[in-house]
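Notes for the one structure printed next.
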Amino acid sequence: MEKCIICKKEQDKGIHLYTSFICTDCEQEMVQTETDDPKYKYFVEQMRVIKETKYVT
Ligand SMILES: [Zn+2]
C-alpha cells in the first residue's frame, strides 16, 4: 500500500510518477478532467510539487 499524493489515501493500485504515487482512481479522474475545471488546477499543482521535489533531489 502506498499513499496517493492526490487523494492522500493508502491505495494498492496506481502509477509511480517520479518518486510519488498516484492511485488508479485519481489517474482516471485526472485524464477525464477538463482543463477549465478547477479540479484540473489542483492536479497540476500536485504534479508541480512532484517535479520540484524531484529537482531538489
Ligand atoms: Zn488517489
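The values are calculated or read from the model by the stated rules, or taken from the named source; none is laboratory data. This is a predicted model, so every value here is computed, not measured. Cβ: placed from backbone, ideal geometry, glycine included. Neighbour counts: every protein chain shown. SASA here: full protein model, heavy atoms, side chains in, ligands and nucleic acids out. Shrake-Rupley method; radii C 1.70, N 1.55, O 1.52, S 1.80 Å.
A few remarks follow.
- Residue check for Thr53: β-branched (Val, Ile, Thr), modelled with pLDDT under 90 and more than 14 Å from the ligand (Cβ to nearest atom): yes
- For the condition more than 11 Å from the chain's Cα centre (by Cα) and of a type in the set (Asp, Glu), Asp25 does not qualify.
- Residues that are touching a strand residue (DSSP E or B) at 6+ places or on another chain (Cβ under 6 Å), open to solvent by less than 40 Å² (accessible area, probe 1.4 Å) and assigned to a strand (DSSP E or B) within segment 1-39 comprise Gly14, Phe21, Ile22, Cys23, listed in sequence order.
- For segment 18-41, a residue qualifies if it is within 12 Å of the ligand (Cβ to nearest atom) and out of contact with any Gly (no Cβ under 6 Å at 6 or more places or on another chain), and the qualifying residues are Ser20, Asp25, Cys26, Glu27, Gln28, Glu29, Met30.
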